[in-house]
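For reference, the structure is listed below as C-alpha cells.
The values are calculated or read from the model by the stated rules, or taken from the named source; none is laboratory data. Being a predicted model, the structure only gives us computed values, none of them experimental. A quick note on method: Cβ atoms are made from the backbone with ideal geometry, for glycine too, and the neighbour counts reach across all protein chains shown.
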C-alpha cells in the first residue's frame, strides 16, 4: 500500500469508494468532503483548492489529501487528509490527520499502515508532533493511534455535532518513530 495524491486516473475507483461508504452508512473521515461530490472532477478541484492558503475555504486550513492505494490491484483501501496547520477548531476537534478505511477492507491493518505512512509526510513538512483525534467509541481508531505512538491528551465534545472525541499527540522526533516508519 502506498499514499498518493488523487488524480482523475482513479475516477471510477474513487466513485466506488464513495458509494461503498454511503451504502454502509460509515463516516468518511479524511475524504475531503467526498460524500458531497457526485463527480470526481469536481471533488478533485475542491481537494486542490484546499491545498493552498489562498484558496482554502474560509474556516478551514490548508490540507493535502492522499489515496491509500493497494499496489497489486490499484484498489483504494483508504484515504488520508493531512492538515498542514491547525486553527482554533482543528486544534481542539480535528487535528492534523483524518483518515478512513473502506468498509470492505477494514480489520486488515490498513489504518495502522496509513497513519504510519503519514508520519514521514508530516515530518518532511517540518512538524515535530501531530494531533490525531478519534471518536471516543471508535476503539479500532484508538488502537491505530496508540500503535503509531499516540499519547492521550484529553477528551473533548465538539459542540456543533455533539461528538465526543479523544485527542492524541504523536511525537515525530522520537528515534523509535523514525525506525517504525522505515518498514
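In region 135-159, how many residues are out of contact with any helix residue (DSSP H, G or I) (no Cβ under 6 Å at 6 or more places or on another chain), within 20 Å of residue 100 (Cβ to Cβ) and outside any strand (DSSP E or B)?
Total meeting the criteria: 10.
Filter region 44-55 down to the residues that are farther than 19 Å from residue 98 by Cβ and in a helix (DSSP H, G or I) and list them by number.
The one that is farther than 19 Å from residue 98 by Cβ and in a helix (DSSP H, G or I): 45.
From the set of residues in region 11-43 that are touching a strand residue (DSSP E or B) at 6+ places or on another chain (Cβ under 6 Å) and in a helix (DSSP H, G or I), which is nearest to residue 94 (Cα to Cα)?
Ranking the candidates gives 17 first.
Does region 24-42 hold any residues that are within 12 Å of residue 102 (Cα to Cα) and either surrounded by 12 or more Cβ atoms within 10 Å (Cβ to Cβ) or in contact with a helix residue (DSSP H, G or I) (Cβ under 8 Å, 6 or more places away or on another chain) (or both), and which are they?
24, 26, 27, 28, 29, 30, 31, listed by residue number.
For residue 70, only one of the following conditions fails: (1) in contact (Cβ under 8 Å) with a residue 40 or more places away in the chain; (2) surrounded by 18 or more Cβ atoms within 10 Å (Cβ to Cβ). What is its number?
(2) is the only condition that residue 70 fails.
What do you reckon, is residue 136 surrounded by 13 or more Cβ atoms within 10 Å (Cβ to Cβ), at pLDDT 95 or above and within 17 Å of residue 80 (Cβ to Cβ)?
No; evaluated as a whole, the condition is false for this residue.
Return the residues of region 1-10 that are touching a strand residue (DSSP E or B) at 6+ places or on another chain (Cβ under 7 Å) and part of a helix (DSSP H, G or I); say none if nothing qualifies.
Once the filter is applied, which keeps residues that are touching a strand residue (DSSP E or B) at 6+ places or on another chain (Cβ under 7 Å) and part of a helix (DSSP H, G or I), region 1-10 yields only 10.
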